[in-house]
Amino acid sequence: MGQLVKLGSCRKAHGIKGGFSVYWDHPGQHQLSAGAAIYLHADLEHPVEQEMAAGWHTIKSIAYGNKVILYIEGINDRNAAEALIPFSLWIKKEDLPPLPADTYFVEDLEKCLVFDEQGREIGKVLSSYQTKAQVVLCLQLKDGRIQDVPFLPVYFPQIDIAQAKLVVRLPREV
(Lines give C-alpha, C1' and ligand atoms only; values in the text may rest on other atoms or scores of the structure.)
Protein backbone atom coordinates (compact mmCIF):
# COMPACT_ATOMS: atom_id res chain seq x y z
CA MET A 1 0.00 0.00 0.00
CA GLY A 2 1.30 3.45 -0.88
CA GLN A 3 1.72 6.43 1.40
CA LEU A 4 -1.55 7.79 2.76
CA VAL A 5 -2.48 11.47 2.93
CA LYS A 6 -5.00 12.68 5.49
CA LEU A 7 -7.75 14.68 3.81
CA GLY A 8 -9.93 15.59 6.76
CA SER A 9 -12.39 14.29 9.28
CA CYS A 10 -16.06 13.71 9.93
CA ARG A 11 -17.81 14.47 13.21
CA LYS A 12 -21.47 14.39 12.14
CA ALA A 13 -23.91 12.76 9.75
CA HIS A 14 -25.79 14.66 7.05
CA GLY A 15 -29.44 13.96 6.32
CA ILE A 16 -31.30 10.65 6.56
CA LYS A 17 -29.71 8.83 3.57
CA GLY A 18 -26.34 8.05 5.17
CA GLY A 19 -24.39 11.17 4.23
CA PHE A 20 -21.43 12.65 6.09
CA SER A 21 -20.41 16.27 6.66
CA VAL A 22 -16.68 16.23 5.99
CA TYR A 23 -14.23 18.90 7.11
CA TRP A 24 -11.06 19.11 5.02
CA ASP A 25 -7.85 19.72 6.91
CA HIS A 26 -6.73 21.99 4.07
CA PRO A 27 -9.85 23.41 2.35
CA GLY A 28 -9.80 23.53 -1.43
CA GLN A 29 -6.75 21.30 -1.69
CA HIS A 30 -8.45 18.06 -2.67
CA GLN A 31 -11.17 17.31 -5.20
CA LEU A 32 -12.46 13.73 -5.10
CA SER A 33 -15.17 12.12 -7.19
CA ALA A 34 -17.46 9.10 -7.17
CA GLY A 35 -15.60 5.80 -7.33
CA ALA A 36 -12.52 7.04 -5.44
CA ALA A 37 -11.11 4.66 -2.83
CA ILE A 38 -10.82 6.24 0.62
CA TYR A 39 -9.57 4.92 3.92
CA LEU A 40 -11.55 5.60 7.09
CA HIS A 41 -9.70 5.59 10.38
CA ALA A 42 -12.02 5.53 13.37
CA ASP A 43 -11.28 7.72 16.35
CA LEU A 44 -10.86 5.88 19.64
CA GLU A 45 -13.98 7.47 21.14
CA HIS A 46 -16.10 4.52 19.96
CA PRO A 47 -13.93 1.37 20.21
CA VAL A 48 -16.87 -1.00 19.54
CA GLU A 49 -17.54 0.51 16.10
CA GLN A 50 -13.87 1.02 15.28
CA GLU A 51 -13.59 -2.28 13.43
CA MET A 52 -16.60 -1.39 11.26
CA ALA A 53 -15.26 2.00 10.21
CA ALA A 54 -11.59 1.23 9.76
CA GLY A 55 -10.71 0.18 6.24
CA TRP A 56 -11.16 0.99 2.59
CA HIS A 57 -14.45 2.31 1.25
CA THR A 58 -15.66 3.67 -2.09
CA ILE A 59 -17.20 7.11 -2.59
CA LYS A 60 -20.76 6.84 -3.90
CA SER A 61 -21.07 10.61 -4.40
CA ILE A 62 -19.54 13.81 -3.10
CA ALA A 63 -20.78 17.40 -3.27
CA TYR A 64 -18.72 20.54 -2.74
CA GLY A 65 -20.29 23.79 -1.58
CA ASN A 66 -20.22 25.70 1.67
CA LYS A 67 -19.45 22.26 3.14
CA VAL A 68 -18.44 18.88 1.73
CA ILE A 69 -21.14 16.19 1.76
CA LEU A 70 -19.89 12.65 1.23
CA TYR A 71 -21.83 9.43 0.54
CA ILE A 72 -20.08 6.06 0.82
CA GLU A 73 -21.09 2.82 -0.92
CA GLY A 74 -23.00 0.56 1.48
CA ILE A 75 -23.93 3.32 3.96
CA ASN A 76 -27.60 3.96 3.19
CA ASP A 77 -29.16 5.53 6.27
CA ARG A 78 -28.37 7.92 9.10
CA ASN A 79 -28.03 5.13 11.69
CA ALA A 80 -25.35 3.39 9.64
CA ALA A 81 -23.54 6.72 9.15
CA GLU A 82 -23.66 7.63 12.83
CA ALA A 83 -22.22 4.23 13.77
CA LEU A 84 -18.99 5.15 11.91
CA ILE A 85 -18.57 8.65 13.30
CA PRO A 86 -16.13 10.10 14.27
CA PHE A 87 -13.46 9.17 11.73
CA SER A 88 -10.60 10.66 9.74
CA LEU A 89 -10.48 10.31 5.97
CA TRP A 90 -7.34 9.25 4.08
CA ILE A 91 -6.39 8.51 0.47
CA LYS A 92 -3.39 7.01 -1.28
CA LYS A 93 -1.04 9.80 -2.29
CA GLU A 94 -0.69 8.38 -5.80
CA ASP A 95 -4.48 8.58 -6.28
CA LEU A 96 -4.44 12.37 -5.90
CA PRO A 97 -3.92 14.62 -8.90
CA PRO A 98 -0.45 16.18 -9.21
CA LEU A 99 0.05 19.29 -7.13
CA PRO A 100 0.60 22.65 -8.82
CA ALA A 101 4.09 24.15 -8.66
CA ASP A 102 5.05 25.52 -5.23
CA THR A 103 2.33 23.47 -3.53
CA TYR A 104 3.17 20.74 -1.04
CA PHE A 105 1.56 17.96 0.94
CA VAL A 106 1.65 18.87 4.62
CA GLU A 107 2.74 15.30 5.37
CA ASP A 108 5.87 15.90 3.25
CA LEU A 109 6.67 19.13 5.10
CA GLU A 110 6.38 17.33 8.44
CA LYS A 111 9.33 15.10 7.49
CA CYS A 112 11.72 18.00 6.89
CA LEU A 113 14.75 19.26 8.73
CA VAL A 114 14.94 23.04 9.15
CA PHE A 115 17.98 25.17 8.29
CA ASP A 116 18.72 28.86 8.70
CA GLU A 117 19.71 31.00 5.72
CA GLN A 118 23.41 30.35 6.43
CA GLY A 119 22.83 26.59 5.97
CA ARG A 120 23.02 25.58 9.65
CA GLU A 121 20.57 22.94 10.81
CA ILE A 122 18.42 24.54 13.51
CA GLY A 123 15.69 21.95 14.06
CA LYS A 124 12.92 19.94 12.46
CA VAL A 125 9.23 20.23 11.63
CA LEU A 126 7.34 18.68 14.53
CA SER A 127 3.75 19.04 13.30
CA SER A 128 1.36 21.46 11.61
CA TYR A 129 -2.11 22.90 11.92
CA GLN A 130 -4.49 24.83 9.71
CA THR A 131 -5.84 28.29 10.55
CA LYS A 132 -8.42 30.14 8.49
CA ALA A 133 -5.58 32.00 6.80
CA GLN A 134 -2.83 29.39 6.25
CA VAL A 135 -0.97 26.31 7.38
CA VAL A 136 1.29 26.84 10.40
CA LEU A 137 4.35 24.63 10.90
CA CYS A 138 5.43 23.83 14.46
CA LEU A 139 9.21 23.70 14.53
CA GLN A 140 11.20 21.96 17.24
CA LEU A 141 14.41 23.95 17.47
CA LYS A 142 17.70 22.42 18.61
CA ASP A 143 17.71 24.71 21.67
CA GLY A 144 14.51 22.97 22.85
CA ARG A 145 12.04 25.73 21.95
CA ILE A 146 8.92 25.10 19.89
CA GLN A 147 8.30 27.84 17.32
CA ASP A 148 5.07 28.14 15.31
CA VAL A 149 5.75 29.70 11.89
CA PRO A 150 3.13 30.46 9.21
CA PHE A 151 3.93 28.49 6.06
CA LEU A 152 4.46 31.53 3.84
CA PRO A 153 7.25 32.33 1.35
CA VAL A 154 8.48 35.22 3.50
CA TYR A 155 9.37 32.70 6.26
CA PHE A 156 10.27 29.71 4.05
CA PRO A 157 12.26 31.07 1.09
CA GLN A 158 13.62 27.63 0.05
CA ILE A 159 11.82 24.30 0.08
CA ASP A 160 13.38 21.05 -1.10
CA ILE A 161 10.97 18.17 -0.48
CA ALA A 162 13.26 15.66 -2.26
CA GLN A 163 16.02 16.44 0.26
CA ALA A 164 13.52 16.91 3.16
CA LYS A 165 14.97 20.37 3.78
CA LEU A 166 13.36 23.72 4.57
CA VAL A 167 15.18 27.02 4.90
CA VAL A 168 13.42 29.21 7.46
CA ARG A 169 13.56 32.88 8.29
CA LEU A 170 12.25 32.85 11.86
CA PRO A 171 9.87 35.69 12.71
CA ARG A 172 11.26 38.29 15.07
CA GLU A 173 10.06 38.05 18.62
CA VAL A 174 7.58 40.72 19.68
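The values are calculated or read from the model by the stated rules, or taken from the named source; none is laboratory data. Model, not experiment: these values are computed from the prediction. Cβ placement follows ideal geometry from the backbone for every residue including glycine, while neighbour counts extend to all protein chains displayed.
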Scan the range 96-133 for residues that are of a type in the set (A, V, I, L, M) and either modelled with pLDDT of 95 or more or more than 17 Å from P157 (Cα to Cα) (or both) and jot them down. L96, L99, L113, V114, I122, V125, L126, A133
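One line per residue, one yes/no per condition, for (1) modelled with pLDDT under 95; (2) of a type in the set (K, R); (3) touching a Cys at 6+ places or on another chain (Cβ under 7 Å):
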{"residue": "V135", "(1), (2), (3)": "yes, no, no"}
{"residue": "L139", "(1), (2), (3)": "no, no, no"}
{"residue": "L152", "(1), (2), (3)": "yes, no, no"}
{"residue": "F156", "(1), (2), (3)": "no, no, no"}
{"residue": "I161", "(1), (2), (3)": "yes, no, no"}
{"residue": "K165", "(1), (2), (3)": "no, yes, yes"}
{"residue": "V168", "(1), (2), (3)": "no, no, no"}
{"residue": "R172", "(1), (2), (3)": "yes, yes, no"}
Looking only at the range 118-146, which residues are of a type outside the set (A, V, I, L, M, F, W, C) and under 20 Å from F105 (Cα atoms)? G123, K124, S127, S128, Y129, Q130, T131, K132, Q134, Q140
Would you check if I69 is part of a loop (DSSP other than H, G, I, E, B), within 13 Å of H14 (Cβ to Cβ) and either touching a Leu at 6+ places or on another chain (Cβ under 9 Å) or modelled with pLDDT of 90 or more (or both)? no
Residues within the range 1-35 that are part of a loop (DSSP other than H, G, I, E, B) and at pLDDT below 90, tallied: 12
Residue list for the range 128-145, filter: out of contact with any strand residue (DSSP E or B) (no Cβ under 6 Å at 6 or more places or on another chain) and assigned to a strand (DSSP E or B): Q130
Hey, can you tell me all the residues within the range 73-95 that are part of a loop (DSSP other than H, G, I, E, B) and either free of Cβ contacts under 8 Å to residues at least 24 places away in the same chain or not assigned by TED's automatic domain parsing to the domain that holds F20 (or both)? E73, G74
